[in-house]
Amino acid sequence: MSDLILGIETSCDDTSVAIVDSKGNVLSSVTASQTTIHSQFGGVFPEFASRAHVVTILPTIKETFLKANLTPKDIRAIGVTRGPGLIGSLLVGLNTAAGLGMGWNKQVIGINHLRGHLRSADLEEQRVKYPAIILLVSGGHTFLAYMKDPVNIELLGSTRDDSVGEAYDKVGRMLGLSYPAGPALDKMAFKGTPSIPFPRPMINEGLEFSLSGLKSAVTRYLASVDSFVAEDVAASFVEAVMDILITKCKRAIAKRDCASLVVVGGVAASPQLRSEASKLCQNLGIELCLPPLRWSTDNGAMIALATWDYINMGILPSPAPQLQLPITDF
Ligand code: KG4
Ligand code: ZN
């Protein structure tokens, strides 16, 4: 039987498709980005996102097969993001997968987007040493999890309000940067001095996060001064975020027996976070596992790899996918 999975990801603003084998090797991966559509609105415009997915989904799937020199006959199953995400965007991927699965006579498996991110660090190479503490920082989510092995995931603490990516995007927008502002805000921060004492909400307690107070503190600061140095605001904000994330990771590592720290999700592309996490792991003598940059942000390859977890767990295909998932339902 073939060991190739077609992974389809359309939970937000990227139409991303990949073919991945059971070891995590990526035979081909194609992404149609919608950044130019949404950058004019300062964030993702859900209706435009769904419409763009409708236009790009079939050409993206076709190109993925062509690039790998494969045909639908060569795959074992289709894995498709079933949530969490924008409902209209998810429906495009799910209905396309359901239709193709029926036409090609292939099993269709609905995958939790977050499990996809959690497994992204094992794409192309098995990097994660289990048991692992995982920090997931994306545009939609922020949480710490404990993974005893690739299949068993335990949520340790998540954000009570905003995600880290959302805070980056909103603060970036206040400083005049266009969506997605994360990468540009990082660059700006490198040029500034972290001279503004922004708060670090909930830093002294537990494994949960709260980012909205930090975001509001930046808003209040900008409204209260006659002029400001944008680079210093960026540097101070990034320093506060790093403090929060690294403190929480350290606390989680101290609580649980683990061989590695894994940082995944769009914000894992941040050079500041990569370097701070690396220092922490060196100090603690544990391994740091990071997905290559291209697998940090949303992609179909991570969905394909996570599909193997479902196959290994014996989970049957769900023709009526559950769209609104609680964060603990991996
Ligand atoms: O994982 P992702 O692609 O989508 C979601 O599942 O949400 O994450 C997107 C988020 C955006 O908020 C974006 O600003 C942020 O990841 N991001 C970054 C960087 N690259 C992307 N944040 C900080 N530094 C970066 N280099
Ligand atoms: Zn994501």
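The values are calculated or read from the model by the stated rules, or taken from the named source; none is laboratory data. What you are looking at is a predicted structure, and each value in this text was computed from that prediction instead of being measured. Cβ coordinates were reconstructed from backbone atoms using ideal geometry, including for glycine residues, and neighbour counts include every protein chain displayed. Ligands, DNA and RNA are stripped out before the accessible areas are found, and what is left, the full protein with its side chains, is counted by its heavy atoms. Shrake-Rupley method; radii C 1.70, N 1.55, O 1.52, S 1.80 Å.
Quick rundown of the values:
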item: Single condition HIS141 does not satisfy, out of (1) open to solvent by 50 Å² or more (accessible area, probe 1.4 Å); (2) within 13 Å of ligand 1 (Cβ to nearest atom); (3) in contact (Cβ under 8 Å) with a residue 60 or more places away in the chain; result: (1)
item: Residue in the stretch 254-275 that is hydroxyl-bearing (Ser, Thr, Tyr), in contact (Cβ under 8 Å) with a residue 40 or more places away in the chain and farther than 24 Å from LEU155 by Cα present; result: no
item: Candidates VAL30, VAL20 - the one that is outside any loop (DSSP other than H, G, I, E, B), open to solvent by 10 Å² or more (accessible area, probe 1.4 Å), over 23 Å from GLY176 (Cβ atoms) and away from ligand 1 (no atom under 15 Å from the Cβ); result: VAL30
item: Selection within the stretch 38-55 - surrounded by fewer than 22 Cβ atoms within 10 Å (Cβ to Cβ), over 20 Å from the mean Cα position of the chain (by Cα) and over 27 Å from TYR310 (Cα atoms); result: GLN40, PHE41, GLU47, PHE48, ARG51, VAL55
item: Residues located in the stretch 58-68, provided they are open to solvent by 40 Å² or more (accessible area, probe 1.4 Å) and not aliphatic (A, V, I, L, M); result: PRO59, LYS62, GLU63, LYS67
item: Filter pass, LEU245 being away from ligand 2 (no atom under 16 Å from the Cβ), closer than 30 Å to VAL151 by Cβ and surrounded by fewer than 17 Cβ atoms within 10 Å (Cβ to Cβ); result: no
item: PRO197 vs. criteria within 16 Å of ligand 2 (Cβ to nearest atom), open to solvent by 40 Å² or more (accessible area, probe 1.4 Å) and out of contact with any strand residue (DSSP E or B) (no Cβ under 6 Å at 6 or more places or on another chain); result: no
item: Residue in the stretch 247-267 that is assigned to a loop (DSSP other than H, G, I, E, B), out of contact with any Ser or Thr (no Cβ under 9 Å at 6 or more places or on another chain), more than 20 Å from GLU208 (Cα to Cα) and not aliphatic (A, V, I, L, M) present; result: no
item: Verdict on THR71 being in contact (Cβ under 8 Å) with a residue 60 or more places away in the chain and open to solvent by 60 Å² or more (accessible area, probe 1.4 Å); result: no
item: Which numbered condition ALA184 fails, given (1) hydrophobic (A, V, I, L, M, F, W, C); (2) touching a Gly at 6+ places or on another chain (Cβ under 8 Å); (3) touching a residue at least 24 places away in the same chain (Cβ under 8 Å); result: (3)
item: Contacts under 7 angstrom Cβ, first residue in the stretch 148-173 being open to solvent by 60 Å² or more (accessible area, probe 1.4 Å), partner outside any helix (DSSP H, G or I) and of a type in the set (Asp, Glu), 6 or more apart; result: ARG160/GLU208
